[in-house]
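Novice: For reference, the structure I am asking about is given below.
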Amino acid sequence: MKLVHRNLVRNGPGSVKLVPEEEDDLWHAYNLIAIGDNLQAVTVRKVLREVASGGRDAERVKLKLEIVVESVDYDKEGSVLRVRGKNITENDHVKEIWDWLALETIQQACDPAASADLAVILMQEGLAHLFLIGRSITATRARIETSIPRKHGPAIAGYETALKKFFEHVLQALLKHIDFEVVQCVVIASPGFTKDQFRDYLFLEAARRDLRVIIENKQRLVLAHATSGYKHSLKEVLDTPGVMALIKDTKAAQEVRALQDFFNMLTNDPARACYGPKHVEIAHEQYAAVQTLLITDTLFRNTDIATRQKYVNLVENVKKSNSTVHIFSSMHVSGEQLAQLTGIAAILRFPLPQLEDIEM
């Protein structure tokens, strides 16, 4: 994200001008734009104009619009941001309150060092998914599906031909979607030996065709076990110690570790783990017991300003008490898992068994 202009006061009014430069930036914009904000943007419209023959021709022109935001939607498959609202006249500022969360989002979005740096290829015979894992988004870049006959008897030749065709499709997806100038590690994961077979095919074809991008980045290709080629296996791949060591500094890895710690505490010492807004608020406000707070970004996108502000204040107050806060992206698998636990949870400094008697 490119920051062009910034004129704002924390917890006060102001404006900011941003230019998205990659797909993750649209996700950050989605988290910044709230209902009721004033937004300026350039759009394209078709207009009719008279032509010499006396008829009309459609022409696409760029228009600068300013609207009061009524709804914001993000399409994660197409990486498309849609904003709807009413046209308005010029206004002094786009957002009335810039809280710390909005300012932090801008800082992360404009930090070039925070770009996506992990790719994962999940595969099984005949099925593969290629994911790019950014600082805030897990994006599905390709799905490859090929029918492969059984591996026995006279059908063995057909099996090998189909498997080679499948591997070729995966190779082409890798070449198309993975930029080794940005991606630091590519994890290839599967059940059984499919991953090993694909890596062998990859290296042989790279040598045969002189694919320099593969030859020069062999050391960045890592194998891992997965139970399937479907997205739900992504979490187990990220949980693998060897993979975690390689991606330890990414935001996605930090979320995975924090969620692992929470579930371990919930299993081994349940009185030191709680979840749900009411239990977490009581643990913090009445007992100052929150050691680590886990919260999804979905809770901050509440259309009710007071509810958003409640969670913003909670996170800020927890940070002031020298506690750790992890804001989970709902576009990562760990964020999806936390959302199933109401979207908010905490590891406590000391046991609070009395929370069990309080209704969530």
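The values are calculated or read from the model by the stated rules, or taken from the named source; none is laboratory data. Keep in mind that what you see is a predicted model, and the values were worked out from it rather than measured. FYI the Cβ positions are ideal-geometry reconstructions off the backbone, even for glycines, and counts take in every protein chain you see. Remember, those area values only see protein heavy atoms, side chains included, never the ligands or the DNA or RNA. Shrake-Rupley method; radii C 1.70, N 1.55, O 1.52, S 1.80 Å.
Novice: Taking L293 and the conditions (1) over 30 Å from I35 (Cβ atoms); (2) at pLDDT 95 or above; (3) under 26 Å from the mean Cα position of the chain (by Cα), which numbered condition does it fall short on, given that it satisfies the others?
Specialist: The single condition L293 does not satisfy is (1).
Novice: Could you say which residue among T292, T303 is open to solvent by 10 Å² or more (accessible area, probe 1.4 Å) and in contact with a His (Cβ under 9 Å, 6 or more places away or on another chain)?
Specialist: T292
Novice: Let me ask you something else. Checking A113 against (1) open to solvent by less than 90 Å² (accessible area, probe 1.4 Å); (2) within 24 Å of D297 (Cα to Cα); (3) modelled with pLDDT under 65: exactly one of these is not met. Which one?
Specialist: With respect to (1) open to solvent by less than 90 Å² (accessible area, probe 1.4 Å); (2) within 24 Å of D297 (Cα to Cα); (3) modelled with pLDDT under 65, A113 is out only on (1).
Novice: Take the conditions touching a helix residue (DSSP H, G or I) at 6+ places or on another chain (Cβ under 9 Å) and part of a helix (DSSP H, G or I) and apply them to T307. Does it pass?
Specialist: So T307 fits the description; yes.
Novice: Suppose we filter region 240-290 for residues that are in a loop (DSSP other than H, G, I, E, B) and at pLDDT 80 or above; how many remain?
Specialist: Number satisfying all stated conditions: 7.
Novice: When both residues are 6+ apart or on different chains and their Cβ atoms are under 9 Å apart, which pairs have a first residue that lies in region 204-215 and is more than 18 Å from I178 (Cβ to Cβ), and a second that is of a type in the set (V, I, T) and open to solvent by 80 Å² or more (accessible area, probe 1.4 Å)?
Specialist: That search, which allows pairs on different chains as well, returns nothing.
Novice: What residue, of A339, A306, is without any contact (Cβ under 8 Å) to a residue 24 or more places away in the chain and small (G, A, S)?
Specialist: Result of the check over A339, A306: A306.
Novice: Here's a follow-up. Residues in region 89-110 that are at pLDDT 60 or above and among the hydroxyl-bearing types (S, T, Y): how many?
Specialist: Of the residues in that region, 1 qualify.
Novice: Another one. Among the residues that make up region 338-350, is at least one of them of a type in the set (S, T, N, Q), at pLDDT 90 or above and crowded, with 18+ Cβ neighbours inside 10 Å?
Specialist: no
Novice: Hey, another quick one. Enumerate the strands (runs of 3 or more DSSP E) found wholly within region 1-76, keeping only those where 1 or more residues are open to solvent by less than 50 Å² (accessible area, probe 1.4 Å), acidic (D, E) and at pLDDT below 70.
Specialist: Working: elements: 2-8, 14-19, 38-50, 56-75.
Output list is empty.
Novice: Kindly check whether there is at least one residue in region 196-208 that is outside any helix (DSSP H, G or I) and open to solvent by 80 Å² or more (accessible area, probe 1.4 Å).
Specialist: no
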